[in-house]
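Each remark here refers to the structure printed beneath this line.
The values are calculated or read from the model by the stated rules, or taken from the named source; none is laboratory data. Please read these numbers as outputs of a predicted model, since none were measured by experiment. Cβ atoms come from the backbone with ideal geometry, glycine included; neighbour counts cover every protein chain shown. When the accessible area is computed, the model is the full protein with side chains, heavy atoms only, and any ligands, DNA or RNA have been set aside. Shrake-Rupley method; radii C 1.70, N 1.55, O 1.52, S 1.80 Å.
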Amino acid sequence: MLIAGNWKMNKTPSETAEFCTLLKSRVGGLAGSVDISVFPPYTSLPAAVGALADTEVAVGAQNVHWEPEGPFTGEVSAPMLRELGVYAAIVGHSERRQYFGETDETAGRRAAAALEAGLFVIACVGELEAEREAGETEHVLRRQVSVLFEDDRLVIAYEPIWAIGTGKTATPDQVRKGHEFIKSLLDVPVLYGGSVTPGNCTDLLILDAVDGALVGGASLDLDTFTAICELAASRS
Ligand code: PGA
């Protein structure tokens, strides 16, 4: 079971150091029952890696470029992340797709390069509300997953876009169907993401097809993130 905290554009380096130092003492006893990772903004990665250095909590980046270096203003490569002690990267998050022109093709290239460089990857997929209403969920998921290839270090996060940051969690039945469909395409662990809280995670983490959660808003608060990690540990 994996619980990953996607911080998005939140927490400065000093806020990160403080949060991670407290997180370390709060979740130290859960090691072995649940894998925990945090994904701070690039500028806070060194602070997170430093504060969590001697713990089981892993640190990942929210994106990664497919080239190791070159004229790609604003991008960061897998070797750069590896040198910092970063362990994983998220690719294809719906906010990257929605606001920054990420496509299936670029998400696939990012995933392949990151895996090749030795990073773990959480590749995000998920349908829009209109796509779900039009009965296109499986078609969209198939298209998004088609750019990914099975790998021991690849994890997929199923994040229905209508559930992200909206407080509208998918029902256990919708989650089970989405996860089972993704697993029929690619045999990798699948996390659920979209308005996960301590209040709703138990019903989702109990499902066989759910291998953990990608938590956004609720990962920014120490008490709620710790509570989700504890609930996941008790389900493992
Ligand atoms: P949320 O975000 O938990 O705030 O809905 C999840 C995500 O975007 O990964």
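Each Lys or Arg adds one and each Asp or Glu takes one away; over the other residues whose Cβ falls under 10 Å from the Cβ of residue 170, this sums to +2. Calculated translational diffusion coefficient of segment 2-234 (4 °C, 1.567 mPa s; Stokes-Einstein with Kirkwood radius over alpha-carbon pairs) equals 74 µm²/s. Anyone know which of 137, 73, 55 comes out most mobile in the 10 Å Cα GNM of the chain? Residue with maximal mean-square fluctuation among 137, 73, 55: 73. Entry comment: accessible area of the chain is 45 Å² per residue, from protein heavy atoms only and a probe of 1.4 Å.
Taking Cβ atoms as reference points and 13 Å as the exclusive limit, the residues near residue 153 contribute a net charge of -4, counting Lys and Arg as +1 and Asp and Glu as -1. Once you reduce segment 43-62 and segment 180-236 to the center of their Cα atoms, the two points are 20 Å from each other. Give me the dipole magnitude in Debye, nearest 20, for segment 2-234 about the Cα centre, with unit charges on the beta carbon: positive for Lys and Arg, negative for Asp and Glu. Around 260 debye, computed over segment 2-234.
Taking label points 7 Å from Cα along the Cα-to-Cβ direction, residue 100 and residue 9 give a separation of 1.0 nm. Computed extension length for residue 55-residue 75: 4.4 nm, one decimal, from 0.36 nm per residue of separation with the Cα-Cα distance subtracted.
Normalised by the number of residues in the chain, the mean separation of alpha-carbon contacts (under 8 Å, six or more apart) gives a relative contact order of 21 percent. With one equal scatterer per alpha carbon and no solvent term, the Debye-computed log10 I(q)/I(0) for segment 94-142 at 0.25, 0.29, 0.31 1/Å reads -0.98, -1.09, -1.14.
Each label was represented as a point 7 Å from its Cα along the Cα-to-Cβ direction; for residue 136 and residue 166 these points are 1.5 nm apart.
For residue 153, nonlocal amide neighbours, meaning residues 5 or more places apart or on other chains whose placed amide H falls under 5 Å from its own, do not occur. Placing dummy labels 7 Å off each Cα toward the beta-carbon, the span from residue 149 to residue 174 is 3.4 nm.
Considering only alpha-carbon pairs that sit under 8 angstrom and 6 or more positions apart, the relative contact order computed for segment 140-236 is 28 percent.
Shown here for segment 39-110: chymotrypsin sites (Phe, Trp or Tyr not before Pro) in loop regions (DSSP other than H, G, I, E, B) with at most 14 other Cβ atoms within 10 Å, namely 72, 100.
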